[in-house]
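> The structure under discussion is supplied below as structure tokens; questions concerning it will follow.
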Amino acid sequence: MMKPVLTLLFIIFFLCSCRGQKKRDNDINFLDVKFQATGFFIPDISNPYPTYTYSDKKIGFFSVDFIGKTDETQYFWNPNNSRGYFSKSANLENDAQNSKAIKNLIKENDYYVLASYLPVKFITYTGGEDGEFEPKQNAKTTFYLYEKNKWEQIGEIETVKIPEDILTFETDLVKKFQNSINKK
């Protein structure tokens, strides 16, 4: 009689202690389809690339960027490319938001897939239906590279110090990460 009670208590203790474990940032699969609900888009920046964003009051905010591994792949998304994505566009704004068309043209092997993640602990939600928020003072954004079917942390920086040219910044993070791997 005592053995089943002890076994039951052990199972309850185990289940409760597992629930108390905090999920680590890199346990998030940023590529999960549920995070793509707002859709892929091409941002209006000088060197554009496909991206999507996600915000949730439980996990925070992140964006997933698809950075071309070659100049040709990267230039495909530039509105000035006469043979690129926008070459037959009648309306750049609409085409920049055409999630299905963008997603269908991404061949993952041709891209570095990066996630920039701002955990909820660094966010103050300001209200509104759109989930508007502001980063807290001293907020840090963590960058991950999707490689070999897993997310590798490749950098962390104070959010206010992220440079305006995010493409160059993320590309440099990837290069530093790859160089560190090659040295091992």
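The values are calculated or read from the model by the stated rules, or taken from the named source; none is laboratory data. Because the structure is a prediction, the values reported are computed rather than measured. All Cβ positions, even for glycine, are placed from backbone atoms using ideal geometry, and neighbour counts span all protein chains on display. The accessibility values were calculated without ligands, DNA or RNA, using every heavy atom of the protein model including side chains. Shrake-Rupley method; radii C 1.70, N 1.55, O 1.52, S 1.80 Å.
> Please count how many residues of the range 99-132 are part of a loop (DSSP other than H, G, I, E, B) and open to solvent by 80 Å² or more (accessible area, probe 1.4 Å).
3
> Here's something else I'd like to know. Consider the range 57-87. How many of its residues are under 30 Å from Lys121 (Cα atoms), out of contact with any Pro (no Cβ under 7 Å at 6 or more places or on another chain) and open to solvent by less than 20 Å² (accessible area, probe 1.4 Å)?
5
> Still on this model: Could you say which residue among Tyr75, Tyr85, Tyr117 is touching a Gly at 6+ places or on another chain (Cβ under 8 Å) and either in contact (Cβ under 8 Å) with a residue 40 or more places away in the chain or under 25 Å from Asn138 (Cβ atoms) (or both)? Walk me through how you get there before you give the answer.
On the way: Tyr75 fails: either in contact (Cβ under 8 Å) with a residue 40 or more places away in the chain or under 25 Å from Asn138 (Cβ atoms) (or both); Tyr85 fails: touching a Gly at 6+ places or on another chain (Cβ under 8 Å).
The match here is Tyr117.
> Count, please, the residues in the range 134-184 that happen to be open to solvent by 60 Å² or more (accessible area, probe 1.4 Å), in contact with a Ser or Thr (Cβ under 7 Å, 6 or more places away or on another chain) and in contact (Cβ under 8 Å) with a residue 12 or more places away in the chain.
Matching residues across the range 134-184 total 5.
> Just for the range 22-47: of the residues that are basic (Lys, Arg) and part of a loop (DSSP other than H, G, I, E, B), which one is modelled with the highest pLDDT?
Selected residue: Arg24.
> Moving on to the next point. Are any of the residues in the range 88-98 open to solvent by less than 60 Å² (accessible area, probe 1.4 Å), modelled with pLDDT of 95 or more and in a helix (DSSP H, G or I)?
yes
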